[in-house]
Amino acid sequence: MPIGTDLVLHEHSDVEDIVLDGARLGGIIAKAASRYRTALAVPQMDLRLEKADLLGILGVPESDVDRFHFQVPPGADVVARLKAASNSPFARRNQAHIEAIRYIDEQTDLMPIGMAIGPFSLTTKLIADPITPIAMAGMGVTASEDSGVAMVEHCLELAELTVARSLRAQTAAGAKAVLICEPAANIVYLSPKQIEAGSDIFERFVMQPNLRLKRELAEAGVDLIFHDCGQLNDAMVRQYAERLDPVILSLGSSRKLWEDAALVPENVVLFGNLPTKSFYSDSVMPVDQVESMTLELIARMKAVGHPHILGSECDVLHVPEAADTIREKVAVMLAA
């Protein structure tokens, strides 16, 4: 199965109306599950929703959300405002996402899956240049010594609170598992050399917030599906699998899943990881290569004997000028 709800959504001409209507959006998710022959009703991987929720609470106009970055580290007053609004209504698009999960739970026999950006990845969307202060933190610079490091730490606190609020709402709507997406938690943002030298940036910025979210989901009886399609090293994959203990671990095409099987406990299903980000291009990813890569991945995963769902490396996005070729390649993947 691909994560392909966006493809099905864009078969309709009134996309912007559908994403504001929980029942219609739920119907699209159900249609995608049927199309891709899966019981898992996976929403769009819209990783803008939590940022919009956070900034909406703080009074940032919706039109400014995508390009907004904090200019100074948010203080305790901002954290207090966010905590005070933990039970406030969601914006219309966020609420439709939540109601679509409720639709799946109440109106279908499918498994309702939630979706949220991870705290670290949300943090990187709140800062104009996150790489520099993260590197400084990796060198041991503290928040009291540098405002950039303070920016990362304070934004991470806001991000975790925001994601936790989203997860609680999706769980209350009936989600039986939640797909948390941490694509920014990779070796571009987090230096392996610094980590190997003893830096705690991966532990502090990625693992600890996600472990807290994992515990909250477990207390609610909800499973974790963890997704990271970024450039990873073996140590990151191993920690995701062993410590977060997701029911499914979804990785990008930079990883060889048949090799990662040795890093991942048998109870964690590997998901992926055909290079669907390249499906738009016939020169980069011709149709016959899609079939050959699909068959190779099937054969190699059967050989290692690790539980595996053949899937996309990330969500398969609708690209208007390449819509037909993307759908053709997804069909080839499903039929191979």
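The values are calculated or read from the model by the stated rules, or taken from the named source; none is laboratory data. On a predicted model such as this, the values are computed, not experimentally measured, just so you know. Please note: Cβ atoms are built from the backbone with ideal geometry, for glycine as well, and neighbour counts cover all protein chains shown. Quick note on the areas: whole protein, heavy atoms, side chains included, nothing else; ligands and nucleic acids left out. Shrake-Rupley method; radii C 1.70, N 1.55, O 1.52, S 1.80 Å.
Residues of segment 1-26 that are buried (at least 16 other Cβ atoms within 10 Å of the Cβ) and assigned to a helix (DSSP H, G or I): 5, 6, 7, 8, 9, 18, 22, 24, 25, 26. Residues in segment 200-227 that are touching a helix residue (DSSP H, G or I) at 6+ places or on another chain (Cβ under 7 Å), open to solvent by less than 20 Å² (accessible area, probe 1.4 Å) and touching a residue at least 40 places away in the same chain (Cβ under 8 Å): 201, 205, 206, 209, 210, 213, 217, 222, 224, 226. Checking 266, 242 one by one, the residue that is open to solvent by 20 Å² or more (accessible area, probe 1.4 Å), acidic (Asp, Glu) and part of a helix (DSSP H, G or I) is 242 and no other. Condition check for residue 66 on (1) touching a residue at least 40 places away in the same chain (Cβ under 8 Å); (2) of a type in the set (Asp, Glu); (3) exposed (fewer than 14 other Cβ atoms within 10 Å of the Cβ): one failure, at (1).
Assessment of segment 33-53 against the conditions (on the phi > 0 side of the Ramachandran plot, assigned to a loop (DSSP other than H, G, I, E, B) and open to solvent by 60 Å² or more (accessible area, probe 1.4 Å)) yields at least one matching residue. The number of residues in segment 76-130 being open to solvent by 40 Å² or more (accessible area, probe 1.4 Å), of a type in the set (A, V, I, L, M), under 21 Å from residue 58 (Cα atoms) and not in a helix (DSSP H, G or I) comes to 2.
Quick one: in segment 300-336, which of the residues that are of a type in the set (Asp, Glu) and touching a strand residue (DSSP E or B) at 6+ places or on another chain (Cβ under 8 Å) is surrounded by the fewest Cβ atoms within 10 Å (Cβ to Cβ)?
Per the criteria, the residue is 313.
Would it be correct to say that residue 194 is farther than 24 Å from residue 269 by Cβ, in a helix (DSSP H, G or I), polar (S, T, N, Q) and open to solvent by less than 50 Å² (accessible area, probe 1.4 Å)? Taking the combined requirement at face value, the residue satisfies it. Note on segment 138-163: residues that are under 30 Å from residue 100 (Cα atoms) and open to solvent by less than 10 Å² (accessible area, probe 1.4 Å) total 5.
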